[in-house]
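Student: Handing you this structure, nothing more for now.
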Amino acid sequence: MTKTAFITGIAGQDGAYLAQFLREKGYSVHGLVRWDSYSDPLDGLARLDALGLVGEDVRLHMGDVTDANNLNLLIREIRPDEIYNLAGLSQVQVSFETPASTLQINTAGTLNILDAVRVNGLENYTRVYQASSSEMFGKARAPQNEDTKMEPCSPYGVAKLASYHLVKSYRESYGMYAANGILFNHESPLRGEDFVTRKITKAVAAVEAGSNDVLRLGNLDSVRDWGDARDFVAGMWAILQRGAPDDYVLATGEAHSVREFAQAAFAHVGISLEWRGAGVDEKGVEVKSGRVLVEVDRQLFRPSEVHHLLGDAAKARDILGWAPKTTFEGLVAAMVNADRAALRLDGGASWSMAG
Ligand code: GDR
């Protein structure tokens, strides 16, 4: 029988890849799209478009996770087998500027979904996946797994941690199949340009094509466990296919600094970088020409920073049989190649799926 999935945040990187993954599995896919994505489909739905998910493939509904009534009616109408709650404010830096709306979207939004399932009497029918985040670990020592004490240090991390506990609470109180995927950073050619990986790969492609711009970055010492979003959406699905709900870390188990990511991305186009200076005076310099390609910008530092994220996904490997396929080098290459292709095609103005 055809299963039905409802994805909030379907217009985002993970939403688009998950929709593609579920369509390939034969699911009927519904997605929640905020009015601003809806009203500007050229921009807002670009990722779905890039994956060829148009028309019949996904049924889009205008709405917002902060609108409980809207969600309630939609969930009653769709009666999904599975809900993937991927909607949310996803930029940690922005959450310091807009903490109240971050909690509204990233916490109350989750509550609205859980409650819509409950009040519609679907608690024994609909399974709920919650996009929890490694940002919840905050200052906790690496490597982090499901048993690590969480010490979030951004409004984003706090909001996600509250949602994580709501999911556990609804699971225990109402017997719902509600599960957290605690995902470490996951990137792709569809990553937004405000995230450091895509910002770097776009800049590298531009420099290769002749741009004289200098790439300005914040904390180069920050260490992240970067995986490929396409591997991670398969893990989200696997989390909802078990006999009983549980929470799982998804990560690659390999960590690199922002500096290393930039170095690898430039190396992919044949530019060898060396680092000179320290702190805010540190610069990434092309070895061959002595030209400065990377500078540090104090404005891009966060009020409080998660310094070192490195995930231990042993539980997902052992119980779900999940393991990422893409290597760090493969991810960097795919992202740089996609940005190169986008530049060649149309001056870099649109998304590209190449790579
Ligand atoms: P993160 O991703 O905050 O880990 O959250 P991001 O790519 O924004 O930052 C990663 C690290 O790079 C440092 N950094 C910069 N970051 C940005 N955005 N821009 C810069 O110029 C820059 N320079 C250095 C940051 O300080 C940080 O340490 C992502 C999001 O997808 C979350 O939604 C998700 O929950 C977590 O990953 C897991």
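Just so it is clear, none of the values below were taken in a lab; they were calculated from the coordinates. The model shown is predicted, which means the values in this text are computed figures rather than measured ones. Cβ placement follows ideal geometry from the backbone for every residue including glycine, while neighbour counts extend to all protein chains displayed.
Student: Scattering from the C-alpha atoms of the stretch 77-116 alone, worked out with Debye: what is log10 I(q)/I(0) at q = 0.20, 0.25, 0.31 1/Å?
Tutor: Log10 I(q)/I(0), no solvent term: -0.64, -0.83, -1.06.
Student: Under 8 Å for C-alpha pairs, at least 6 residues apart: give me the relative contact order for the stretch 158-258, rounded to a whole percent.
Tutor: 37 percent
Student: For an R0 of 25 angstrom, estimate the FRET efficiency from the Cβ-Cβ distance between ASP213 and TYR38 and round to the nearest 0.05.
Tutor: Result of the calculation: an efficiency of 0.15.
Student: Next up: By how many nm would the segment from GLN91 to GLU146 grow when fully extended, if each residue of separation counts as 0.36 nm and the alpha-carbon distance is taken off?
Tutor: Value of the extension gain: 17.5 nm.
Student: In vacuum, with every alpha carbon of the stretch 217-355 counted as one equal point scatterer, what does the Debye formula give for log10 I(q)/I(0) at q = 0.16, 0.18 Å⁻¹? Two decimals, please.
Tutor: For the stretch 217-355, the Cα-only Debye profile gives -1.00, -1.13.
Student: Another question about this same structure. Just in the stretch 114-213: which trypsin sites (Lys or Arg not before Pro) are loop by DSSP and have at most 11 other Cβ atoms within 10 Å?
Tutor: ARG141, LYS149
Student: Tell me, what is the FRET efficiency for TRP275 and HIS307 to the nearest 0.05, using R0 = 22 angstrom and their Cβ-Cβ distance as r?
Tutor: Step by step, r from the Cβ atoms, then E = 0.75.
Student: While we're here: At q = 0.07, 0.08, 0.11 Å⁻¹, work out log10 I(q)/I(0) for the chain with the Debye formula, treating every Cα as an identical point scatterer and leaving solvent out; two decimals please.
Tutor: Once normalised to I(0) and log-transformed, intensities are -0.29, -0.38, -0.73.
Student: If you don't mind, there's one more thing I want to ask. Kindly flag which residue pairs out of LYS139/LYS199; LYS25/LYS315; LYS25/LYS168; LYS149/LYS325; LYS202/LYS315 have an alpha-carbon separation exceeding 31 Å in this structure.
Tutor: From the list (LYS139/LYS199; LYS25/LYS315; LYS25/LYS168; LYS149/LYS325; LYS202/LYS315), the Cα-Cα distance tops 31 Å for LYS202/LYS315.
Student: Please state the relative contact order of the stretch 1-150 as a whole percent: Cα pairs under 8 Å, 6+ residues apart?
Tutor: Answer for the stretch 1-150 is 24 percent.
Student: Please work out the Cα center distance from the stretch 188-219 to the stretch 5-30, rounded to the nearest Å.
Tutor: If we compute the Cα centre of each part, the gap is 27 Å.
Student: With only Lys, Arg, Asp and Glu charged, each at its Cβ (+1 for the first two, -1 for the last two), find how big the charge dipole of the chain is about the Cα centre; round to the nearest 20 debye.
Tutor: In debye, rounded to 20, the chain gives about 300.
Student: How long is the gain from THR66 to ALA100 if the chain were fully straight, where each residue apart is worth 0.36 nm and the alpha carbon distance is subtracted?
Tutor: 11.0 nm
Student: Below 8 Å between Cα atoms, with a sequence gap of 6+, how large is the relative contact order for the chain in percent?
Tutor: 17 percent
Student: With viscosity set to 0.890 mPa s at 25 °C, what whole-number translational diffusion coefficient in µm²/s follows for the stretch 1-129 from Stokes-Einstein and a Kirkwood radius over Cα pairs?
Tutor: 166 µm²/s
Student: Could you pull out which residues in the stretch 119-140 have an amide N less than 14 Å from a spot 7 Å beyond the Cα of ARG76, following the Cα-Cβ vector?
Tutor: 119-122
Student: Another question about this same structure. As an exercise, take the mean of 1/r over every pair of distinct alpha carbons in the stretch 136-277, invert it, and state the Kirkwood radius in angstroms.
Tutor: It works out to 17.4 Å.
Student: Given only helices, namely DSSP H runs of n ≥ 4 each adding -39500 (n - 2.57), what is the per-residue ellipticity at 222 nm of the chain, to the nearest 500 deg cm²/dmol?
Tutor: Mean residue ellipticity, 222 nm, calculated: -11000 deg cm²/dmol.
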